[in-house]
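Here the structure comes first, spelled out in structure tokens, and everything after it is commentary.
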Amino acid sequence: MVTIPSPSHKFSIADRTDQVNREPEIRAVIFDCDGTLVDSETLSLSVLVEFVAEHGVQISHQEAMEQYAGNELAVVLRDIEGRLGRSLPDDFLDNFRNRQIDRLKLHLKPSDGADELLSSLQVPFCVASNAPVSKVNVCLKATRLDHHFQPTTIFSAYEIEKWKPAPDLFLKAAASMNVAPEHCAVVEDSHFGVRAGLAAGMQVFAYRLHATHDLDARTFQSITHLSELSQYAPAGGWRGGSMSGV
């Protein structure tokens, strides 16, 4: 059973403003996958930078992180084609995915504290990713985080054809957990995901955000380690036994 805190519980937040203390109680957590639960952005973008260079496009890893991390892949490829001045080969996407998956299987690691955090949660939680379900499953299995999730707790933008920064994916995840958006926490590492969470009316935690662009830092909480989320747990805490989502 998933333990959902009683509405009578209040936040226990140290050194936070009164405004934050008045935020609705968190009753569910929605995680991004790439760059949040698993340290995959660096690996995936390294593959992309290397592969597009073979086709004549030079992009630095830093620029790729700032511009592409967390974005819809179709948008990324259109940008690359714009730089190239022509279409990429028809087999580019399949070849990129194959290289990407091979590298992830060999080198991917979980984000520091991810397993401990997932094991501590006693509220519903899930993954909502811009990546295909197949890639999310590879990432979770390679990092041994897959036992925390079920097929019903993994959501992909490809399933609804709506990608972050649109809020649709997060709203679908919240509805599936039967939790109102304002009672959901979103944990994201990209400005696309942060925007999606804010647009969905959720409480957003930006984990080691790659680039802020023009985001208003007052609208979300920044964290540098996943363990910092414990500061936002209900008074009863999130600990007390391993959970596996809903």
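Could we say that Gln67 is under 20 Å from the mean Cα position of the chain (by Cα), assigned to a helix (DSSP H, G or I) and within 23 Å of Phe220 (Cα to Cα) here?
On the way: under 20 Å from the mean Cα position of the chain (by Cα): yes; assigned to a helix (DSSP H, G or I): yes; within 23 Å of Phe220 (Cα to Cα): yes.
So Gln67 passes the test.
If you check Val136, Val47, Val29, which single one turns out to be outside any helix (DSSP H, G or I), within 21 Å of the chain's Cα centre (by Cα) and crowded, with 18+ Cβ neighbours inside 10 Å?
The conditions single out Val29.
Please enumerate the residues belonging to region 158-184 that are touching a strand residue (DSSP E or B) at 6+ places or on another chain (Cβ under 7 Å) and either within 29 Å of Lys105 (Cα to Cα) or of a type in the set (D, E, K, R) (or both). Spell out the reasoning first.
Step one: filter region 158-184 for residues touching a strand residue (DSSP E or B) at 6+ places or on another chain (Cβ under 7 Å), giving 169-170, 172-174, 177, 179, 183-184.
Selection gives Leu169, Phe170, Lys172, Ala173.
Answer yes or no: is there a residue in region 96-108 that is outside the structural domain of Asn130 (by TED's automatic domain parsing), under 23 Å from Val194 (Cβ atoms) and at pLDDT below 95.
no
Please verify whether region 203-214 includes one or more residues that are part of a loop (DSSP other than H, G, I, E, B) and either farther than 19 Å from Asn71 by Cα or modelled with pLDDT of 90 or more (or both). Spell out the reasoning first.
Step one: of region 203-214, the residues part of a loop (DSSP other than H, G, I, E, B) are 208-214.
In the following step, the residues that additionally are either farther than 19 Å from Asn71 by Cα or modelled with pLDDT of 90 or more (or both) were identified as none.
Within region 203-214, none of the residues are part of a loop (DSSP other than H, G, I, E, B) and either farther than 19 Å from Asn71 by Cα or modelled with pLDDT of 90 or more (or both).
Looking at the structure I just gave you, is Leu73 over 26 Å from Val187 (Cβ atoms) and in the same structural domain as His55 (by TED's automatic domain parsing)? Don't jump to the end; show me each part of the working.
Details: over 26 Å from Val187 (Cβ atoms): no; in the same structural domain as His55 (by TED's automatic domain parsing): yes.
No.
Return yes when Leu117 is within 12 Å of Val38 (Cα to Cα) and either charged (D, E, K, R) or surrounded by 20 or more Cβ atoms within 10 Å (Cβ to Cβ) (or both) and no when it is not.
no
Filter region 90-99 for residues that are of a type outside the set (Lys, Arg) and part of a helix (DSSP H, G or I); which is surrounded by the fewest Cβ atoms within 10 Å (Cβ to Cβ)?
Start the filter on region 90-99 by keeping residues that are of a type outside the set (Lys, Arg), which leaves 90-96, 98.
Filter once more, so that each one left must be part of a helix (DSSP H, G or I): 92-96, 98.
Working: Phe92: 17, Leu93: 13, Asp94: 10, Asn95: 13, Phe96: 19, Asn98: 12.
It comes out as Asp94.
Taking the criterion of being under 20 Å from the mean Cα position of the chain (by Cα), assigned to a helix (DSSP H, G or I) and exposed (fewer than 12 other Cβ atoms within 10 Å of the Cβ), would at least one residue in region 71-89 satisfy it? Can you show your working first?
Keep residues of region 71-89 that are under 20 Å from the mean Cα position of the chain (by Cα), which gives 71-76.
After this cut, where a residue has to be assigned to a helix (DSSP H, G or I) as well, the list is 73-76.
Remaining after also requiring exposed (fewer than 12 other Cβ atoms within 10 Å of the Cβ): 74.
For region 71-89, residues under 20 Å from the mean Cα position of the chain (by Cα), assigned to a helix (DSSP H, G or I) and exposed (fewer than 12 other Cβ atoms within 10 Å of the Cβ): present.
Taking Phe155 as the residue in question, decide whether it is surrounded by 15 or more Cβ atoms within 10 Å (Cβ to Cβ) and in the same structural domain as Arg208 (by TED's automatic domain parsing). Can you show your working first?
Working: surrounded by 15 or more Cβ atoms within 10 Å (Cβ to Cβ): yes; in the same structural domain as Arg208 (by TED's automatic domain parsing): yes.
Judged against the criteria, Phe155 is a match.
With (1) farther than 16 Å from Thr152 by Cα; (2) touching a residue at least 12 places away in the same chain (Cβ under 8 Å); (3) in a helix (DSSP H, G or I) as the list, and Asp112 as the residue in question, which single condition is left unmet?
Status for Asp112: all satisfied but (3).
Which of the residues that make up region 51-61 are surrounded by fewer than 17 Cβ atoms within 10 Å (Cβ to Cβ), assigned to a helix (DSSP H, G or I) and in contact (Cβ under 8 Å) with a residue 12 or more places away in the chain? Break it down stepwise before answering.
Pass one, region 51-61, residues surrounded by fewer than 17 Cβ atoms within 10 Å (Cβ to Cβ): 53-56, 58, 60-61.
From what's left, assigned to a helix (DSSP H, G or I): 53-54, 61.
His61, the sole residue that qualifies.
Suppose we keep only residues that are of a type outside the set (A, V, I, L, M, F, W, C) and crowded, with 20+ Cβ neighbours inside 10 Å within region 120-133. Which one would you say is farthest from Val204 (Cα to Cα)? Before you say what the answer is, go through the steps one by one.
Taking region 120-133 first, the residues of a type outside the set (A, V, I, L, M, F, W, C) are 120, 122, 124, 129-130, 132.
Subsequent filtering for residues that are crowded, with 20+ Cβ neighbours inside 10 Å retains 122, 124, 129-130.
Working: Gln122: 19, Pro124: 16, Ser129: 15, Asn130: 17 Å.
The residue in question is Gln122.
Do you know which residues across region 115-134 are free of Cβ contacts under 8 Å to residues at least 60 places away in the same chain and closer than 20 Å to Ala157 by Cα? Quick ask: steps written out before the conclusion?
As a first pass, look at region 115-134 and keep what is free of Cβ contacts under 8 Å to residues at least 60 places away in the same chain: 115, 132-134.
The answer is Pro132, Val133, Ser134.
If I filter region 21-49 down to residues being within 23 Å of Ile59 (Cα to Cα) and of a type in the set (A, V, I, L, M, F, W, C), which single residue comes out as modelled with the lowest pLDDT?
Initially, region 21-49 is screened for residues within 23 Å of Ile59 (Cα to Cα), giving 34-35, 39-49.
Checking the rest, the ones that are also of a type in the set (A, V, I, L, M, F, W, C) come to 43, 45, 47-49.
Values: Leu43: 92, Leu45: 89, Val47: 93, Leu48: 93, Val49: 93.
Filtering first and then ranking leaves Leu45.
Does region 187-199 contain at least one residue that is touching a Cys at 6+ places or on another chain (Cβ under 8 Å), of a type in the set (A, V, I, L, M), in contact (Cβ under 8 Å) with a residue 12 or more places away in the chain and within 21 Å of Ala131 (Cα to Cα)?
Kept after step one, since they are touching a Cys at 6+ places or on another chain (Cβ under 8 Å), are these residues of region 187-199: none.
Scanning region 187-199, I find no residue that is touching a Cys at 6+ places or on another chain (Cβ under 8 Å), of a type in the set (A, V, I, L, M), in contact (Cβ under 8 Å) with a residue 12 or more places away in the chain and within 21 Å of Ala131 (Cα to Cα), so the answer is no.
The values are calculated or read from the model by the stated rules, or taken from the named source; none is laboratory data. Remember, predicted model here, so these are calculated numbers, not experimental data. All Cβ positions, glycine included, derive from the backbone under ideal geometry; neighbour counts span all protein chains shown.
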